[in-house]
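First the structure, in the form of structure tokens, and then the observations on it.
The values are calculated or read from the model by the stated rules, or taken from the named source; none is laboratory data. Everything numeric in this text was worked out from a predicted model, so none of it was measured. Here the Cβ positions follow ideal geometry from the backbone for every residue, glycine too, while neighbour counts run over all protein chains shown.
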């Protein structure tokens, strides 16, 4: 049976894969059959009836099954008595579709008239006006006058907050159910639904807080009318006033492609401001979705609290200074301390910033005391070898493939990966989840393996051994069963995180996971291993958007740019901080990190000289000698490398705040004072140097990163086949750099002897939450109500034993840091494992003291 | 003539297992289990041409034949969501002759290889279904249900399920949605329930009366059945008579009985009360076009009213005498469909709402010539565009009353309301009164 | 609360279906019985028992007419005034009932005993005027019979079961 089908639409023949519905087939030949309820990412429901078209099938002889032809020898086509919905009817061989006959255009007019009877026609004040599917379709096919008595219009509430992020205008809603279907079918958060029936159908929510979902903003993109709007954009601007600037989300390692809609506005003092952030299509990364953090947590960029000029400490006070003065001061002092200087950089920095950072240290100061902070997780070097193969797309995983997720709560750490894994499972992927507690992924997992703190390495080791001796038998033991499903898989993708693991444990675990991809036996893969083949490999769930880039650029005490192993190793982040505490190092340069605010450094420790380069006057900046104001990602250009090692460009959207400068430029100007030559003219020039020095990036430049190609489904634009307002990608799909396994054989990694570490009876495990407190989120008050306050979730028995009751403030400390959090006593936390949620950069698990301070 | 379906009218206490059995009950099932392969049962039902009594008239045997022969879970669902205005035949069967329905459903289950039967009662039947549930227990304790029925290899469970007030759940795919715990909104077809029905498994959904026809057919054979009624519409049919009629109630008649006989014959409706003149008849509750005097000689068959532009439907005859304001009557039916529209598809959701608004204006004396044109036009706009039949039904009273009683519509245009609308009729904005 | 009050019923209901979600309407009936109407608390209770989001229960409560999202009287009188009944005097009957109870359609008597609603066809058209009181049929009514019904209900004890919203059906299947 052939997998492709040829049909004729308005006399144009088109060949499509089996299963394609008529509206999609038509779109392929640029025939826009109008739709409202249909969305190419969701199952068709045929509700709105806008896509009714004439569909005919060739007539066959009942006996012979031969096609019956007319006098001219053409197949006789039988059109049924009624029109059919093009969104639900699948293309069939020989099918004939008419989309421009008078009966079809009359129908479109009729359906639009029905929809408009209840519509308020408040287009002049509607946020969707200008990019509205109903407006566009009415212009094309609708009636010019109304026969509906205006007094009969249903009056409904127009400002219904579905929670504090999304507002509903009940009058504008056309009951297409895109939003409710998105919430239940795509993201499995059915927290909005229809209430009542008939003309009284209305969208409601009962969750607490309202519309409690990390995905709520997407419903405003796919809403074909102005019924759903976001709290921060509604009545904020008209779509035609906006300039679209391509960007990359700076919040997590997924690297969602976004578009910032900006406008110059008087009320902002003539500044260009970001009016909204929306998804930009990249079917290999985020398709057309983004999470609410990516959409709403951007207001920090134009926060009044932003640092606007350099500051130096004079007579105990931080005072405004010129760049010249500040940079001269920093350069002078650093030259003095030279290699006893150390540097910490954050994973929100771009590749250009990070490259320049390591260059200042390595070449300017001859110090290798640099590291990424927080350094939660090892394995960048392993990922460079056995990481997910270039050209992979999680969307392509399906039946016969397997995914393993280790020690990560993807829904909180990298929501779009959670979504893509969930959808992969729905396509038939066998998912194994390995963690020390239950997460939202468990619901979709075929195998769930829970380990105790300290036992992650031994648990993974058991799995690795099971794979090596794969018997093919269906063992009842979950580890063996899971191992079988991994090794038998056509394709295998492994995500790993650091939840409940120490840094050293992640270092062992990642090697074993790589070995899972490198084991050459069993199953359908027989003579080869998974690594190096498309849609296979490791993905690190890094804690920040560009942690991968920091590894690539060599912001490590042991590696240079492009993973060149360094002969003498510098201090790592932990040693740097402890040396800062005891005075072993004299000066510290921090870019985009706040260890003082995180509780990892008390005051400035014993440092002689502290430089902080950041967006805000953080706790660390407050105790610094020199504070340098950096630009946010919205003000400058640069590149991030996501967890799938895709290098992606972002573009400047707004003017710099005050005198702030791009991080790379500040570092380059500092470098000039340290004898590194003139700063590059632009980020793109600096990127050329990166491409020269980092082998993995060779061949890339800003132009190649900006290349795009047409993707399916087609979204954005003003076509009538309406995929939503997510933006068409015209500014670059990025480039995924090849893992070593693609070009050479990788041998199994040596695994140190795994000893069962004796875990304490009681440990505290920091867990990630999407809305945790932090430098950026604190400046975006829109989601204040949803931010997870620092909380210790503790089992009722553990709490009782320690005299803790629900709501108590407890002090969590381990000698290096100390933090006060509220206790939440519940039965869900496992006995012996308390979960610390909503805090900043703390790695775990930690054995610590708990002191109850009462309520 | 003895009843074939309403047997309780002839045999006292036939709702009891022993009485039913003593009067030939479960003989059909026993015979099938003993003598027939499942496919043979389908063939007999096909040959007898039992057509769906829910209104659509689709041949039951053909429906059963669509079920894939493959292994795996399959379901029979008995549609007891009887909600069409003027229809009360299934309720009488369920309350009085439950075993015949159970036996019919079991024959279907045996024929298609189902192991589970659900009966979907409308929620309002919760009390009245007590007899039926007692019959189910009786059937279980007498081995007519459960494991190895009557000592055969065939095992089957039978569960009752209650809806909660929604006419649309009588539509088979909406019923399945509701049974799965979802909103009762129709599914797009294909896939048809025979391929992907309840829990996505092959499913037959049959009306109560349809299934009650099956046991006697298995016992007496298709030829016996084909001798009752007409060639295209064989068998007996229960007609429900209501409205302006002297003897309202259910009457089991052979298909082909003329409508006039049903309305006027002393055996049946016995004519119009108070010596008033007959004006019009709704032949299938609210869901088929109204007919007038000229159509009364048509036979009660699936085809009989075709030439008068109407349908047999569920054979719920609502008679109206000369005093009835036909615009008012049409409004009440439109009100029903507006109230029961699930809201899933645009033409039905918006169309029924719009139609009702115009009717209220007309009856309130605020109507215009244009309103009558718009009524017709809106009804035409709905036809052929709705997701299920409900929206199509809603157009029937509108177009048929305008066709037969245009002068009554025009009489509303002079600024004088012909009918006083009560508050209870006005209270239409809310889904729930 | 539901799981304590109706543990046997819930168990019996769940056993009927291969998928738990099918039990949601039955449990909503039980919740309506337990809480008097489908309050927010009642809907959350149902949702927890089925393992769905409370918003999904709310959705069903809004779609199906036999679920009450607002408090109702001890006896809910649902009078059919659909066309066949209306042709046989249902509208006048509704007016009479309103007058006798001193309330309008959709209202509840101040003593909380009676709520009056009009409903669509109840499949008793040959016995109009008729009504259901908490889902029990009362047919071929007139003013006299209505008076008798109301006075019987006023004096009915809580034990006679007539105050229930049909929950017997689920108890029945236990016996």
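Listed values, structure above:
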read-out	value
Members of the stretch B:142-167 found to be farther than 30 Å from residue B:85 by Cβ and touching a residue at least 24 places away in the same chain (Cβ under 8 Å), listed by number	B:142, B:144, B:145, B:149, B:150, B:152, B:154, B:155, B:156, B:157
Where residue B:191 falls short, out of the listed (1) modelled with pLDDT under 95; (2) within 19 Å of the chain's Cα centre (by Cα)	(2)
All positions within the stretch A:231-257 that are buried (at least 23 other Cβ atoms within 10 Å of the Cβ) and closer than 13 Å to residue A:725 by Cα	none
Members of the stretch A:312-366 found to be within 20 Å of residue A:577 (Cα to Cα) and part of a strand (DSSP E or B), listed by number	A:341, A:342, A:343, A:344, A:345
Helices (runs of 4 or more DSSP H) contained entirely in the stretch B:163-277, each with at least 3 residues that are surrounded by fewer than 22 Cβ atoms within 10 Å (Cβ to Cβ) and away from every other protein chain (no Cβ under 11 Å)	B:214-226, B:259-264
Leading residue by the ranking (farthest from residue B:230 (Cα to Cα)) among those in the stretch B:282-318 that are in a strand (DSSP E or B) and within 12 Å of chain C (Cβ to nearest Cβ)	B:286
Checking residue A:105 against (1) closer than 30 Å to residue A:153 by Cβ; (2) in contact with a helix residue (DSSP H, G or I) (Cβ under 6 Å, 6 or more places away or on another chain), the condition it does not meet	(2)
Residue identified as modelled with pLDDT under 90 and either in contact with a helix residue (DSSP H, G or I) (Cβ under 8 Å, 6 or more places away or on another chain) or closer than 30 Å to residue A:220 by Cβ (or both) among A:71, A:110, A:164, A:152	A:152
Unmet criterion (only one of (1) crowded, with 19+ Cβ neighbours inside 10 Å; (2) within 11 Å of chain B (Cβ to nearest Cβ); (3) within 27 Å of residue A:195 (Cβ to Cβ)) for residue A:149	(1)
Residue among B:134, B:111 that alone is surrounded by fewer than 24 Cβ atoms within 10 Å (Cβ to Cβ), more than 21 Å from the chain's Cα centre (by Cα) and in a helix (DSSP H, G or I)	B:134
Those residues of the stretch A:34-65 which are more than 14 Å from chain B (Cβ to nearest Cβ) and touching a residue at least 12 places away in the same chain (Cβ under 8 Å), in sequence order	A:39, A:40, A:41, A:56, A:58, A:59
Tally, over the stretch A:570-598, of residues that are under 24 Å from residue A:496 (Cβ atoms) and either more than 32 Å from the chain's Cα centre (by Cα) or in a loop (DSSP other than H, G, I, E, B) (or both)	3
Unmet criterion (only one of (1) part of a helix (DSSP H, G or I); (2) surrounded by 24 or more Cβ atoms within 10 Å (Cβ to Cβ)) for residue B:144	(1)
Residue within the stretch B:152-160 that is touching a strand residue (DSSP E or B) at 6+ places or on another chain (Cβ under 9 Å), away from every other protein chain (no Cβ under 13 Å), at pLDDT 95 or above and surrounded by fewer than 24 Cβ atoms within 10 Å (Cβ to Cβ) present	yes
Cross-chain or 6+ apart pairs with Cβ under 8 Å, the stretch C:137-149 first and within 13 Å of residue C:92 (Cα to Cα), then not in a helix (DSSP H, G or I)	C:141/C:129; C:141/C:130; C:141/C:131; C:142/C:129
Qualifying residue in the stretch B:355-371 (condition: surrounded by 24 or more Cβ atoms within 10 Å (Cβ to Cβ), within 8 Å of another protein chain (Cβ to nearest Cβ) and within 27 Å of the chain's Cα centre (by Cα))	no
Sole exception among (1) at the interface with chain B (Cβ under 9 Å from one of its Cβ atoms); (2) at pLDDT below 95 for residue C:33, by number	(1)
Residue list for the stretch A:330-343, restricted to those being over 16 Å from residue A:659 (Cβ atoms) and touching a strand residue (DSSP E or B) at 6+ places or on another chain (Cβ under 6 Å)	A:333, A:334, A:337, A:341, A:342, A:343
Selection from the stretch B:40-91 of residues that are touching a helix residue (DSSP H, G or I) at 6+ places or on another chain (Cβ under 6 Å), over 30 Å from residue B:242 (Cα atoms) and part of a loop (DSSP other than H, G, I, E, B)	B:67, B:74
Elements of type helices (runs of 4 or more DSSP H) contained in the stretch A:133-246, each with 2 or more residues being within 29 Å of residue C:69 (Cα to Cα)	A:178-181, A:216-222
Number of positions in the stretch A:422-437 that are in contact (Cβ under 8 Å) with a residue 40 or more places away in the chain, closer than 19 Å to residue A:187 by Cα and either in a strand (DSSP E or B) or over 20 Å from the mean Cα position of the chain (by Cα) (or both)	1
Criterion: more than 16 Å from residue A:48 (Cβ to Cβ) and either surrounded by fewer than 18 Cβ atoms within 10 Å (Cβ to Cβ) or within 14 Å of chain B (Cβ to nearest Cβ) (or both) - qualifying residue of A:142, A:129	A:129
Single unsatisfied condition, residue B:384 versus (1) within 11 Å of chain A (Cβ to nearest Cβ); (2) in a loop (DSSP other than H, G, I, E, B); (3) in contact (Cβ under 8 Å) with a residue 12 or more places away in the chain	(3)
Counted residues, the stretch B:319-354 - those being under 16 Å from residue B:376 (Cβ atoms), more than 8 Å from every other protein chain (Cβ to nearest Cβ) and touching a strand residue (DSSP E or B) at 6+ places or on another chain (Cβ under 9 Å)	2
Condition check for residue A:776: closer than 28 Å to residue A:379 by Cα and surrounded by 22 or more Cβ atoms within 10 Å (Cβ to Cβ)	no
Identity of the residue in the stretch A:165-187, facing chain C (nearest Cβ under 10 Å) and more than 16 Å from residue A:230 (Cβ to Cβ), that ends up surrounded by the fewest Cβ atoms within 10 Å (Cβ to Cβ)	A:184
Single residue of A:484, A:504 found to be more than 25 Å from residue A:528 (Cβ to Cβ) and in a helix (DSSP H, G or I)	A:504
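Yes/no per residue for (1) part of a helix (DSSP H, G or I); (2) free of Cβ contacts under 8 Å to residues at least 40 places away in the same chain; (3) crowded, with 24+ Cβ neighbours inside 10 Å:
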position	(1), (2), (3)
B:4	no, no, no
B:29	yes, no, yes
B:33	yes, no, no
B:94	yes, no, yes
